[in-house]
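**Student:** Have a look at the structure that comes next, please.
Values in this text are rule-based calculations from the coordinates and carry no lab data. Fair warning: this is a prediction, and the values are worked out from it, not measured in the lab. When we count neighbours, we look across all protein chains shown, and the Cβ atoms used for this are built from the backbone with ideal geometry, even at glycine.
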Amino acid sequence: QVQLAESGGGLVQPGGSLRLSCAASRTIFATSVMGWYRQAPGKQRELVATITSSGSTNYADSVKGRFTISRDNTKNTVYLQMNSPKPEDTAVYYCNARRVVANELVSSWGQGTQVTVSS
């Protein structure tokens, strides 16, 4: 059963824009803090942004002011709007859902979508 599914990745030029989408199951989405993480070749996975069910957001310093995370509760979907992307933003972007299940923190991950920023 697929719980998270990312889409929208691809090739984008520096200074352009791209929007990633992550569709989640209803039960996961309703009780989770949603987030975007990314992993570049040879590097550790890092947090990009998170958003709570009430809309509170948090961003990595490296993307603050350029990327925007949002969620549509009617579609059980979280988005990452990438404006003014830089070559260093190139990575596989993963959708994440974190929630409490039986008093344990549980994370669910999507398969990832490749974002390449190049001129």
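**Student:** Relative to a virtual label point 7 Å from the Cα of S119 in the Cα→beta-carbon direction, which members of segment 61-98 show backbone nitrogen distances below 20 Å?
**Tutor:** From segment 61-98, the list is 83-91.
**Student:** Next up: What order, most packed first, do the peptides 33-44, 96-107, 77-88, 6-17 have when packing is the mean number of other Cβ atoms within 10 Å of each residue?
**Tutor:** Sorting 33-44, 96-107, 77-88, 6-17 by mean packing, highest first, produces 77-88, 33-44, 6-17, 96-107.
**Student:** Let me ask something additional. Using the Cα centre as the reference, give the magnitude of the dipole from point charges on the C-beta atoms of segment 50-109 (Lys, Arg: +1; Asp, Glu: -1; all else neutral), rounded to the nearest 20 debye. Could you put the intermediate results ahead of the total?
**Tutor:** Details: 7 positive and 5 negative charges, 28 e Å.
Its charge dipole is roughly 140 debye.
**Student:** Taking N as the number of residues in segment 55-119, what value does Rg over Cα atoms divided by 2.2 N^0.38 Å take?
**Tutor:** Dividing the Cα Rg of segment 55-119 by 2.2 N^0.38 Å gives 1.30.
**Student:** In vacuo Debye scattering of the chain, one point per C-alpha: log10 I(q)/I(0) at q = 0.10, 0.13, 0.22 Å⁻¹?
**Tutor:** Taking Cα atoms of the chain as identical point scatterers yields -0.27, -0.46, -1.26.
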